[in-house]
Structures are given as structure tokens and as C-alpha cells.
Amino acid sequence: MAEYHQETLDTLFDDPRAATLFSTTFVVVDLETTGNAPDGGGITEIGAVKVRGGQILGEFGTLVNPEERLPAFITVLTGITEMMLVEAPKLDTVLPSFLEFAKGAVWVAHNAPYDTGFLKAACAKHGYPWPKPIVLDTAAIARRALIADEVPNHKLSTLARHFRATTQPIHRALDDARATVDVLHGLFARLGSLKVHTVGDVIEFVKAVSPAQRRKRHLADGLPDKPGVYVFRGHKDRPLYIGTSSSIATRVRSYFTAAEKRARIDEMLNAAERVEAIPCAHSLEAEVRELRLIAAHKPPYNRRSKFPERVMWLKLTTEAYPRLSVVRDLHADGGAYLGPFGSRRGAELAAAGVYDALPIRQCTHKLSPRTPTPACALAELGRCPAPCEHRISADDYEAGAAAPFRAATTGDPSPIVRGLMARIETLAAAERFEDAATIRGRLIALLRSAIRMQRLASLSSLPELVAARPSAAGGWEIAVVRHGRLAAAGVSPPRVHPQPTLDVVLATAETVLPGPGPTPRASPEETERILAWLERPETRLVKTDVGWSSPADGAGRWRPFLARAEAAAMVQTDLDG
């Protein structure tokens, strides 16, 4: 039968990872097996030692009848014979006693995946729930803590000699477990000089956490477990990196774990001196604040959203014979604008699509409706209706070239889309597939921008919109949106009518004036974040000054077509790659 005795344990920590190594109870376990793969059986001996604070609290040791033949090489290796196992208890009898002995403790083993693999398979076979213990592997710790000059390998016998263990491993479970205890304590002594003091520290140390992550881990202390924005600040309080999370504390702690492998973040942590937390009412407010702070401070270690002002627009001018122009600023000057584009290249790609579908002139001269000027080569090639020579009247030019573009910016882009599709079909029929793919790329750029612009404009045209969605903690998350900008946010308490909270949020909301374009008072990315929040199934519209709508014949109805075109372009890219 099993040899089992233990002392009374103190109350365990609620979070074992946060407990110090000195105060944590460990169960150091070792198994002897038949040498086969773990299948729920095959265990011939279990040995375990329970320790805390350097003191032995109990030991567990027993032979186990594996109910299968014992290979000869196992007998030679361990000294265990089949005769010794005949009278031993079976695993279904031993397993519950071991699980009770190890309950609530952190498990330790040398080459732990081997031992835990057998025990997990045994639990599954005999109907016991796997306790999901925290497991430390002394072999893995040794590989990180010891250098090659100290030990030639990381076998248990080698480590036991190195740390002068009182018990030498002999391939018997309890003796090997006792030797592993001494190795564990020797490793803990080494880890102390590396500022590894808790169970969580050991886990992260084994996962190859960088020196900067270990040295700056204290920056995550004391942060709130709330949604909001966090700012890593360096010398002279300079913002280095800005991020957002539904839990500031959890997200910032993740920067100091092995899961964070980005080189630039490791560089940032070296320069960081503190972390500022900015709690927010809910996730939408956090996302918006993050965008605004990044745009305002342009932290060096953020890559996205730093330059929202660098958008481009495709403008149809207000001349007698309008032309397209790529511009940086949008004004209320009567011109028709398409955008915003993230780069000049994107705007020029969409312009090329317009030129393929509509007879808009491509020259940059200012034309007079009364005085003709010489035509360029495009007119001779039939690519331009030559308004410069007055071959087309201003009215006809407006109807056939300018008006379809204006319609595409605020309503129906069908004339342009169908014109480009006709070009694609003609090129494909002539087996000019590369040229057809080029036109498809222009169509995608144009249609994507038209859909985006009309979607943004549908929200930014509203003087005020109030929406709410259920909070995970109870109550309601409330957002006040004015002309596409988040003007206020709040959360009503659980089991309380949200109207008083809504009244306060509305009274303190930012005043937002209208302006030209689809994003007059916010960055396009901010308005798109708000749209994504509003379009969630659980979000409820509380009120709006005027109806929130999009044109029935607008660009939005082409979204399925755009998705197919983008998918085809992606397939072509994969084939070319």
C-alpha cells in the first residue's frame, strides 16, 4: 500500500502564480513506467515529496501493478521485477490517493511532460478530472539558469551531483523525487540572484523572457483592471508607445511575458520609465482615445494611426471642363471629392479607373469655354473628347464625364463600374489577362473608396446620435456621436434605469460643428471605429436628430461584388507568388 503522511497546510494563495517561492507548496513527483507511450496505464511506481519553504511536509511512495508485462530492460534499469509488482495496488486504487496528496500544490518534475503525460492519460482512463496543475520542469529551469561550463548536460543525476543532493537518483520513483527536491532548491537559489521570486516569475523565466522584461516588470504593478488606454513613457515623460485594452492591467502585464517577442517592444521597454493608465467608460471610448493620443503625440514605437492628417482626396474641379486632381485638403468649394485615401498612390489608382470608364480630360490646363486650345495626343488616340478644341460642349461634357463621377461620390457608381467591367471583359476576350487584372485593381480601388466614403458620410451627416449596448458587468454602455465624432461616453450602473446616466452624458458632451466631407470633425479611422461599434447586433439606437440612412442605389449595394473582386485578386496574387 502507499506510504503516505503529511503535515497541515496553510491556506493556499488565490493566485498561485503570484505566490513567492518560499511560501508555495510544491509536490515533486517522479514516475517509473514500462517504457511505453502514455495510454492510461504503464505506471509501475509513483514517488512524490511535498515541500514548502525548504521543509518536507509529506511523502508519497508506492509500487503500481501495471497489469501488463514488464520489459527486461526496465528491470535492468530500475531493479523493479514483475514479482515485486504482483502484490502492488493497481493504478485505479493508487491514483485518487496521489491526486488528493497533490491537491492545491504546484507540481514539479524533471522532464515534466513525460510524467504529467502519464498522469493525465491515467485520469482520463479512470474517470478522474485532470486538476490542471501549474507544473514546473527542473530540466527546463536548469537549461535556462545554468551555463555549459557548469554542467555538461541537464540529466537529473548530473544536476544532483552539481547541487550536492543528499539523495542520488537511482531510477526509483521516491528516491528520484527526493533528489529532484534538492535540485529544485539549488535552482531556486540561483534564480534569486536573477530577481525571480514568484511562481509566475519562474514560468516566465523558463519561457525566455528578456532581461528588459524582467527588469521593468514592476511597471505593470498597480494598474487598474478596467478598459482604457495605457501609455509607456520614457525620459522626460515622452510617450513611447500607446495602446488600448479591455483590461489595462492584464494587457500591460503581457508585455513582460515570453509571449511578447517583438524586437521593437523590447527596445521600447528598455527606454520606458513608467506606464500611465487612462481608464475609460468602455471599449469604444478607449479605442477613440488611443487614436487621438497617437495622432497627437506620434509615439516612436507605434506604427499605425500616427498621421491621420496625411490622407489624400480625388477632387473633381469646378472649372468649365472639370478635371481630376489629387489633393491633400478638402474644402467646401463646390468640388466633388472622393476619398479619403491613405496614400497618393491609392488616389492615383482610383483616378486611373475613372479615366478608363469616363471621358474625363487628363490634362492640367485651365480651359476656356470660349477660346479653344490645341489638343494633346490623347485626343488623337480617341482617349479624350477634346474639350480643349471645343469638340464637345460644356453641357455634354458635364453629362457624360463629370456628372457620373459626382454621382459615384454620393450615390450610384454604376456607370463607372459597368464601364470598367466592359473594359475587363474586352481584354479578357482578347486574352490580355494581365491588362484585365490591372483594370480590376483600379476598379477595386475606386469602388472601395466610394463605399467607404458613403458609409462615413452617412454617420458624419448626423448632428447627434445616441446609442447604447449592454455592458458585460451589467448596465449599459452609452455613446454620444456628433458629426461622426465621439462626443461623450458613459456606463449606467447595473439594475438602474440608464436615463439619469444618459442625461449626464448628454449634458457634458462635446460640442461638434458640421463641416465639409465625410469626416469633417474626426479622423476616418475614428468614425470607422464608431461605425463598427454601432453596427454590432447588440447595440441599440437610443435617439437621433434625423434619420440615419444610406442611398438605396448607392455604392453600398456593390459590396458583395467588391468582395468577389478582392477575393479574385488575392487568388491571382497567390498564384503569381
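The values are calculated or read from the model by the stated rules, or taken from the named source; none is laboratory data. Worth saying up front: this structure is predicted, and the values here are computed from it rather than measured. All Cβ positions, even for glycine, are placed from backbone atoms using ideal geometry, and neighbour counts span all protein chains on display. All accessible areas refer to the heavy atoms of the entire protein, side chains included, with ligands and DNA or RNA removed. Shrake-Rupley method; radii C 1.70, N 1.55, O 1.52, S 1.80 Å.
Based on Cα contacts under 8 Å between residues 6+ apart, the chain shows a relative contact order of 9 percent. Legend: residues Trp558, Trp313, Trp476, sorted from most to least accessible area (1.4 Å probe; ligands, DNA and RNA excluded), read Trp476, Trp558, Trp313.
The ratio of the alpha-carbon radius of gyration of the range 502-572 to the globular-protein estimate 2.2 N^0.38 Å is 1.51. Which links in Lys298/Lys366; Lys50/Lys195; Lys195/Lys236; Lys207/Lys306; Lys125/Lys226; Lys120/Lys226 stretch past 31 Å when you go from one Cα to the other? Pairs exceeding the cut-off: Lys298/Lys366; Lys207/Lys306; Lys125/Lys226; Lys120/Lys226. Charge dipole of the range 155-280 (Cα centre as origin; +1 on each Lys and Arg Cβ, -1 on each Asp and Glu Cβ, all else neutral): 260 debye, rounded to the nearest 20. Working from Cα pairs under 8 Å separated by at least six residues, relative contact order for the range 482-577 is 25 percent. Toward the positive end of the charge dipole of the range 60-174, with +1 on the Cβ of Lys and Arg and -1 on the Cβ of Asp and Glu, the farthest Cα among Pro133, Gly117, Thr75 is that of Pro133.
In this simple spin-label model, placing a label point 7 Å from the Cα along the Cα-to-Cβ direction at both Ala422 and Thr318 gives a separation of 3.2 nm.
In the chain, the calculated helix contribution to ellipticity at 222 nm averages -12000 deg cm²/dmol per residue, counting -39,500 (n - 2.57) for every DSSP H run with n ≥ 4. Amide H contacts of Tyr241 (H built 1.01 Å from N, in plane; Pro and chain starts excluded): Phe232 sit under 5 Å, all sequence-distant by 5 or more or on other chains. Computed over neighbours whose Cβ is under 15 Å from that of Glu68, the net charge equals -3, Lys and Arg +1, Asp and Glu -1. Counting 0.36 nm for each residue step from Thr158 to Ala208 and taking away their Cα separation leaves a gain of 15.7 nm. Pairwise inverse Cα distances across the range 409-554, averaged and inverted, put the Kirkwood hydrodynamic radius at 17.6 Å.
If the segment from His297 to Cys363 were pulled out straight at 0.36 nm per residue, it would be longer than the present Cα-Cα gap by 19.8 nm.
How high is the relative contact order of the range 212-319, in percent, counting Cα pairs under 8 Å that sit 6 or more residues apart? Reported relative contact order: 33 percent. Full extension of the segment from His185 to Lys103, taken as 0.36 nm per residue of separation minus the current Cα-Cα distance, would add 27.4 nm.
With the simple model of a label 7 Å out from the Cα in the direction of the Cβ, Phe433 to Arg262 spans 3.9 nm. Based on alpha-carbon atoms, the Kirkwood radius and the radius of gyration of the range 296-360 give Rg/Rh equal to 1.09. Centre-to-centre separation between the Cα atoms of the range 209-280 and those of the range 440-467: 35 Å.
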